[in-house]
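The values are calculated or read from the model by the stated rules, or taken from the named source; none is laboratory data. Just so it is clear, the model here is predicted, and its values are computed rather than measured. Cβ sites come from the backbone with ideal geometry, for glycine too, and all protein chains shown count toward neighbours.
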Amino acid sequence: MRSAGAYGHTVYGFLLQRRWLGLLLVVLVLGAVCIRLGLWQLDRRAERLADNDRITANLAAAPVAIDTLVTPGVVVPETHEWRLVSVTGRYDADAQILVRYQYRDQDRGVDIVTPLVTDTGVAVLVERGWLLGDSPTPEKIPAPPSGPVTVTGWLQPDSGAGDSATRPEQGQVRAVASTGIGPTLGYPTYPGYVALTQQSPPAVGLEPAELPELDSGPHFFYGLQWFFFAGLAVLGWCSFAWVEAHPRRRTSETLGVSVPATHAP
């Protein structure tokens, strides 16, 4: 009687053929890529959780003067994103900008950005709030106070969308960046912008800035999907090999016929 090892060598000997070795190589490479993508998604999740911790700490911190965190010509550090800052100055209503394609739930509107010029002559871009409607007429936009105001809000970095999205065209942009809006003004600006949360005298007529989403995102489940795909690739190869090695059993099971076992002489 043949031993189990001899039987396996005979039945599965075809796995040493070039096409099966090639298929195995493809499966292993595909599985490795899927596992790498799964680990990358888990790394993304860890980064997002770390960002959430940093943002939560910044949101809880007391407001500070904007010039203690940033200076003109220097980008907003990631560590200062969502820090509460305060600044006092006068709005330049003539330089007001509309940021289009801004959604709240299913409603499309615009963010209103107005430069606030401080006593030092340096301005900060203030996102005063959101207004329903994609292209509101000037009379529908609540005017900023004409006198001195003190603004408190969340410090935000410049958008990386590029000049085509951040340089004003007919008073409109698609994203906010001091690098795009600043050169069109006649005075220097602080980097980034401030999303207004409070103002004295109070702001009216605009929806205030929204808190950031602090969930973990879909990365964990995406990672599980990639690991599943890796396992599926290996399982598929094993299944094909088993079917190739047992054609009579596959045929009999399909037809519902019982085939008696045969023994080697």
If you go through segment 141-155 one residue at a time, do you hit one that is within 28 Å of the chain's Cα centre (by Cα) and among the hydrophobic types (A, V, I, L, M, F, W, C)? yes
Is it the case, given these coordinates, that Gln156 is within 14 Å of Val75 (Cα to Cα) and polar (S, T, N, Q)? yes
Assigned to a helix (DSSP H, G or I), closer than 19 Å to Leu196 by Cα and out of contact with any Phe, Trp or Tyr (no Cβ under 8 Å at 6 or more places or on another chain) - does that describe any residue in segment 38-59? yes
Within segment 134-150, of all residues that are of a type in the set (Ser, Thr, Tyr) and touching a strand residue (DSSP E or B) at 6+ places or on another chain (Cβ under 8 Å), the one nearest to Leu185 (Cα to Cα) is Ser146
Within segment 241-253, is there a residue that is modelled with pLDDT of 90 or more, of a type outside the set (A, V, I, L, M) and assigned to a loop (DSSP other than H, G, I, E, B)? no
Residues of segment 183-229 classified as in a strand (DSSP E or B) and among the hydroxyl-bearing types (Ser, Thr, Tyr), total: 4
Does at least one position in segment 152-162 carry a residue that is farther than 18 Å from Val194 by Cα, touching a strand residue (DSSP E or B) at 6+ places or on another chain (Cβ under 8 Å) and outside any loop (DSSP other than H, G, I, E, B)? no
Single unsatisfied condition, Val27 versus (1) more than 29 Å from Gln225 (Cα to Cα); (2) modelled with pLDDT under 90: (1)
What is the one condition in (1) under 30 Å from Pro115 (Cα atoms); (2) surrounded by fewer than 16 Cβ atoms within 10 Å (Cβ to Cβ) that Ala50 does not satisfy? (1)
